[in-house]
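The values are calculated or read from the model by the stated rules, or taken from the named source; none is laboratory data. Since the structure is predicted, the reported quantities are computational estimates derived from the model, not experimental observations. Quick reminder, even Gly has a Cβ in these numbers, built from the backbone with ideal geometry, and neighbours come from all protein chains shown.
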Amino acid sequence: MEIKGHRRPFHELDVDVLTMVVFEEETPENTPIMGELNERTNGIVGSLIASSELRGKPDEITYIHQPVAMRPRRVLLVGGGKKEQSTSEGVRRAAGTAARYLKERGLKSMGFFCRSEWALEPSARAAVEGVLLGLFDVGTYKTQEKDERFLEEIVIAAEGSLDALERALHRGQILAKATNFARNLVNEPSSILTPAELASRAGEMASRFNLDIEILDEQQMRELGMGALLAVARGSDEPAKLIILRYVPEEPRADQRSPVAFVGKGITFDSGGISLKPPKGMEQMKYDMAGGAAVLGAMRAIGQLRPPVPVMGIVPAAENMPSGRAQKPGDVVRSLSGKTIEVINTDAEGRLILADALTYACQLGARRVVDLATLTGACVVALGSVYAAVLGNDEPFLAEVIRASEAAGERLWRLPLDDAYRDQLRSEIADLKNIGGRKAGTITAASFLSEFVQGIPWAHIDIAGTAWLEEKKPYLATGPTGIGVRTLVHLAEQLGQHHPSPTEEG
Ligand code: BES
Ligand code: ZN
Ligand code: ZN
């Protein structure tokens with residue numbers, strides 16, 4: 001698909017369909033662009049508004065077939081909600097809704113007009129992201145009824161400099177393709193996407209996007225002492241892998257030479273192990289590597305955008321299965337950090353593999369770390385599929401991560417990581433146990449992880465509720481969302497730009 005920028009007035013765009021966002025309460029009289037649109041549609045827009053058929057509500061769609069005084073052969077109006085509340089997430093959503101609607105009708109080229117109410121960079125970028133994310137197809141293995149209709153050309157029209165517009169479109173494409181790369185990995189069945197296959201796809205990606213890669217096998221992990229990670233992998237016939245990607249900038253900023261590490265949970269299938277999960281919904285547990293996929297997606301984009309800060313991407317990949325060799329409740333494992341862990345429930349496996357991966361990130365010299373994981377069912381209960389949870393040990397760094405998520409259009413909500421929760425992890429036999437009981441499951445999981453970051457600024461993002469969409473939306477298919485990719489990329493770019501915070505200096 002081709003994506004182009006244009007500064008032409010909307011009526012001159014050479015496309016099948018012109019897409020325009022309409023806000024609530026807009027009329028041809030109170031909004032000049034609606035006035036013009038009304039004239040060029042021979043009064044249709046005004047009469048649709050007058051009859052309340054067109055109200056500008058989010059996801060509302062109005063399709064006009066024969067506009068008269070313009071080059072596009074159709075006009076698609078997408079509701080944008082309240083004008084004062086318009087954000088780039090709204091643009092992403094409107095563009096996604098439009099692209100999905102038009103693709104279904106077999107149209108080939110789509111124009112999208114960026115309203116002058118929006119700032120150029122975030123809106124043009126969000127429009128491209130919305131289109132590419134909206135068109136993502138989850139039917140990889142369909143041999144019949146496969147949808148063969150594609151949009152071939154997208155033209156984004158905006159006022160302002162063409163240069164700035166084209167830069168925004170370029171960034172939008174990189175971010176959206178990285179997100180779709182992650183979604184594609186998450187969508188794969190676990191029979192195909194084993195830990196070894198995940199590592200091999202990471203390898204292909206690394207060589208294509210100029211990243212260094214190292215893959216540790218079980219023997220190497222044993223020599224290093226990664227007892228927690230290996231304990232999880234024991235029950236499976238698929239050997240575990242530890243994927244380590246490195247992006248090294250050509251010219252790092254003087255104060256940014258120590259890397260930030262992104263660590264993602266890569267459980268390619270979570271059966272629960274000996275603490276076996278109930279059958280209902282177990283098929284979904286192929287998405288338990290969504291954190292790892294997000295890290296790989298982010299590294300892909302970082303390899304293209306090349307910010308001036310070194311970044312490591314670490315993905316512990318394993319399958320959690322029951323077998324005669326599997327770890328059992330009551331086992332005590334020794335983690336890479338030296339801390340011992342009593343395994344009460346083998347289904348709390350994510351924190352075990354992350355414990356060793358986080359320690360390893362510190363050993364490799366990370367000075368800040370973010371981990372992403374489909375870690376707890378409790379997070380799904382607390383925040384549903386709208387917000388991901390974020391917790392951490394450093395206020396300025398958390399603020400930085402939340403700022404990045406806002407730029408990315410991904411919603412994070414903070415939960416308290418108070419020392420008082422640590423008591424729930426106390427074990428009689430070992431340094432800590434791997435579950436903290438029924439209360440505050442997302443927080444005790446984070447509290448567990450905090451034991452393995454050696455005091456460096458760290459943020460943990462629980463994406464259990466947000467990595468997989470159970471019902472499709474007008475702007476997004478069901479299935480993998482790719483959550484986290486864009487937040488991590490924005491974070492890396494932010495860290496490359498701004499002044500170090502007090503903790504970074506200290
Ligand atoms: N992968 C699951 C968490 C999960 C649940 C992700 C639902 C996505 C949707 C994780 O490994 C797990 O099983 N967690 C347990 C922890 C419990 C045993 C303390 C959970 O949340 O039930
Ligand atoms: Zn589990
Ligand atoms: Zn899991």
Restricted to region 209-236 and to residues being free of Cβ contacts under 8 Å to residues at least 12 places away in the same chain and not polar (S, T, N, Q), the residue surrounded by the most Cβ atoms within 10 Å (Cβ to Cβ) is Arg222
Number of positions in region 132-173 that are over 21 Å from Lys473 (Cβ atoms) and part of a loop (DSSP other than H, G, I, E, B): 11
Which residues, counting only those in region 301-341, are away from ligand 1 (no atom under 16 Å from the Cβ) and within 22 Å of Ser190 (Cβ to Cβ)? Gly313, Ile314, Ser323, Gly324, Arg325
Can you tell me which condition Gly292 does not meet? The list is (1) within 16 Å of ligand 3 (Cβ to nearest atom); (2) surrounded by fewer than 17 Cβ atoms within 10 Å (Cβ to Cβ), and all the others hold. (2)
Out of region 197-255, which residues are under 25 Å from Arg300 (Cα atoms) and assigned to a loop (DSSP other than H, G, I, E, B)? Phe209, Asn210, Leu211, Asp217, Pro239, Ala240, Val248, Pro249, Glu250, Glu251, Pro252, Arg253
Helices (runs of 4 or more DSSP H) fully within region 1-111 counting 3 or more residues that are touching a Leu at 6+ places or on another chain (Cβ under 7 Å): 88-104
Could you say whether any residue in region 349-361 is more than 16 Å from ligand 2 (Cβ to nearest atom), out of contact with any Ser or Thr (no Cβ under 6 Å at 6 or more places or on another chain) and either not in a helix (DSSP H, G or I) or not assigned by TED's automatic domain parsing to the domain that holds Phe209 (or both)? no
Checked against (1) part of a helix (DSSP H, G or I); (2) within 17 Å of Val315 (Cα to Cα), Ser190 satisfies every condition except (1)
Expected output for region 375-387 (first residue in the same structural domain as Asp462 (by TED's automatic domain parsing), partner within 13 Å of ligand 2 (Cβ to nearest atom) and among the polar types (S, T, N, Q), Cβ below 8 Å, 6+ apart or cross-chain) is none
Every residue from region 433-456 that is under 12 Å from Leu358 (Cα atoms) and not in a helix (DSSP H, G or I): Glu451, Phe452, Val453, Gln454, Gly455, Ile456
Looking at (1) away from ligand 1 (no atom under 13 Å from the Cβ); (2) closer than 21 Å to Arg403 by Cβ; (3) assigned to a loop (DSSP other than H, G, I, E, B), which one does Glu471 not meet, given that it meets all the others? (2)
Name the strands (runs of 3 or more DSSP E) wholly inside region 266-342 in which the number of residues that are closer than 20 Å to Ile243 by Cα and within 15 Å of ligand 2 (Cβ to nearest atom) is 2 or more. 266-270, 311-320
Those residues of region 362-385 which are at negative phi, among the small types (Gly, Ala, Ser) and more than 16 Å from ligand 2 (Cβ to nearest atom) amount to Ala366, Ala382, Ser385
